[in-house]
1. Among the numbered conditions (1) under 23 Å from residue 251 (Cβ atoms); (2) out of contact with any strand residue (DSSP E or B) (no Cβ under 8 Å at 6 or more places or on another chain), tell me where residue 126 comes up short.
2. Listed residues 123, 115; which is part of a helix (DSSP H, G or I) and in contact (Cβ under 8 Å) with a residue 60 or more places away in the chain?
3. Look at residue 193 and say whether it is touching a helix residue (DSSP H, G or I) at 6+ places or on another chain (Cβ under 6 Å) and modelled with pLDDT of 95 or more.
4. Got a sec? Which helices (runs of 4 or more DSSP H) wholly within the stretch 135-241 have at least 2 residues that are out of contact with any strand residue (DSSP E or B) (no Cβ under 8 Å at 6 or more places or on another chain) and within 17 Å of residue 29 (Cα to Cα)?
5. Please work out which one of (1) surrounded by 14 or more Cβ atoms within 10 Å (Cβ to Cβ); (2) at pLDDT 95 or above; (3) assigned by TED's automatic domain parsing to the domain that holds residue 59 is the condition residue 237 fails and give its number.
6. Kindly indicate the residue of the stretch 163-174 that is closer than 15 Å to residue 109 by Cα and more than 16 Å from the chain's Cα centre (by Cα) and also surrounded by the fewest Cβ atoms within 10 Å (Cβ to Cβ) among those meeting that condition.
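The values are calculated or read from the model by the stated rules, or taken from the named source; none is laboratory data. Everything numeric here is computed off the predicted structure, so don't read it as measured data. Cβ atoms come from the backbone with ideal geometry, glycine included; neighbour counts cover every protein chain shown.
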């Protein structure tokens, strides 16, 4: 009897674990969303009970993994071209491609650095700058934006031998934060995160210096949780999520902000009627 009871208990635990996983969305997200997406996922779980497991990395690597069958339900890329390609290849759920934001890059130095970031990208020519951290431009959109900005400024060829590449934008940020690089070109969303606020200073690189970092999301066609994924995608357009993304420095499409404002007005009207 004890053996049967133990066996039944084991089956119960396995079944429980499967049920828990069944209600969990598996999301692949670009590393510039490191802080914003984790906060959004936590808010969503509190409101709906649906857990959102966020895996962070470079958009290019995720694109390759999804092409090879990686079991993600959703993909949030730092370059909308990646989800567009998935859609064109029949790997994205039709009608779910969505541009959720436009990112920005900044030049960032640790708080104890003597470097003056207000000098802009010309600072990279300073002899005291020995290492410059950026994300690997081969598969990270923020790395490509950094190269484009340096090229536009006319400093890329002069500092290319100083570049150190992070696997993604979060790792590039860690290189500077840890002192393994003197300066980094990172995502504004990371520089503005509360956890980073007192750790460094930044200079926002003008957007005309690099191609727009239009970021896109898509539901993966092979997902077994497409309905739940679509609900989370809809949550991105809520006033709460719009405000969160703006707080992290993202520029949102005008249609999204307009819809968000309209929803807020409706909610205010409902409150007025009740009162």
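1. Failing condition for residue 126: (1).
2. Just one listed residue meets the conditions, 123.
3. Considered against the rule, which asks whether it is touching a helix residue (DSSP H, G or I) at 6+ places or on another chain (Cβ under 6 Å) and modelled with pLDDT of 95 or more, residue 193 comes out as yes.
4. Ranges flagged: 226-235.
5. So the condition that residue 237 fails would be (2).
6. The qualifying residue surrounded by the fewest Cβ atoms within 10 Å (Cβ to Cβ) is 164.
The rows are residues; the columns are (1) at pLDDT 95 or above; (2) buried (at least 22 other Cβ atoms within 10 Å of the Cβ).
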position	(1), (2)
157	yes, no
176	yes, yes
181	yes, yes
185	yes, yes
198	no, no
231	yes, no
